[in-house]
1. The range 5-114: which trypsin sites (Lys or Arg not before Pro) are DSSP loop and have at most 16 other beta-carbon atoms within 10 angstrom?
2. What base-10 log of the normalised intensity I(q)/I(0) is obtained for the chain from the Debye formula, alpha carbons as equal point scatterers, at q = 0.21 Å⁻¹?
3. Run the numbers for residue 23 and residue 8: contour at 0.36 nm per residue of separation, minus the present Cα-Cα distance, in nm.
4. Search the structure for amide H atoms under 5 Å from the amide H of residue 32, placed 1.01 Å from N in the peptide plane, and list their residues when 5 or more places away or on another chain.
5. In the range 3-74, with Lys and Arg counted as +1 and Asp and Glu as -1 at Cβ, which of these residues, 21, 71, 35, has the Cα nearest the positive end of the dipole, that is, farthest along it?
6. In nm, to one decimal, how far is the modelled label at residue 42 from the one at residue 88, with both set 7 Å along Cα→Cβ?
7. Using the Cα centre as the reference, give the magnitude of the dipole from point charges on the C-beta atoms of the chain (Lys, Arg: +1; Asp, Glu: -1; all else neutral), rounded to the nearest 20 debye.
8. So the label point goes 7 Å from the Cα of residue 97 along Cα→C-beta, right? Which residues of the range 69-84 then have their backbone N under 14 Å from it?
Amino acid sequence: MHELLHPRNWKPAQGYANGVSARGRMIFTGGLVGWDADQQFQTDDFAGQVRQVLENIVAVLAEGGAGPQHLVRLTWYVTDKHEYLGALREIGAAYREVIGRHYPAMALVQVAGLVEDRAKVEIEATAVVPD
């Protein structure tokens with residue numbers, strides 16, 4: 001079981017957790033981008049790439065016997081903060097459809113570029129499967 005950590009006197013976090021406490025077997029993904037199983041990008045749409053990255057995360061977790069409910073941390077790397085902010089509604093919908101209403105600790109970092117030129121977002125995930 002994971003415990004969300006939120007100081008009582010802080011304003012509520014929306015769409016993420018400030019901290020998570022977990023015990024169990026850990027699963028770490030590499031930085032996953034929005035391409036399919038054949039390493040081909042099917043879209044240049046920001047929200048579309050986010051959806052694919054999230055589906056890729058779920059696929060890797062499944063290989064380790066885990067699911068989205070086991071996520072404790074996501075670190076997002078985006079190439080354009082303004083494009084991210086402009087697509088928040090679509091990103092939120094994709095997140096809820098793929099991950100559900102489970103919001104682990106998250107960080108988002110804008111970067112100058114990613115190794116894959118067509119990639120607009122890369123996400124690293126950490127999950128903990130309870131003992």
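1. Taking the range 5-114 and a limit of 16 other Cβ atoms within 10 Å, the loop trypsin sites (Lys or Arg not before Pro) found are 8, 23, 101.
2. -1.29
3. Length gained between residue 23 and residue 8: 3.1 nm.
4. 123, 124
5. After comparing all options, I get 21.
6. Rounded to a tenth, the inter-label distance reads 2.8 nm.
7. 760 debye
8. Residues passing the 14 Å test: none.
Bear in mind these aren't lab numbers, they're just calculated from the coordinates by the rules spelled out. Model, not experiment: these values are computed from the prediction. We place every Cβ from the backbone using ideal geometry, glycine too, and count neighbours over all the protein chains shown.
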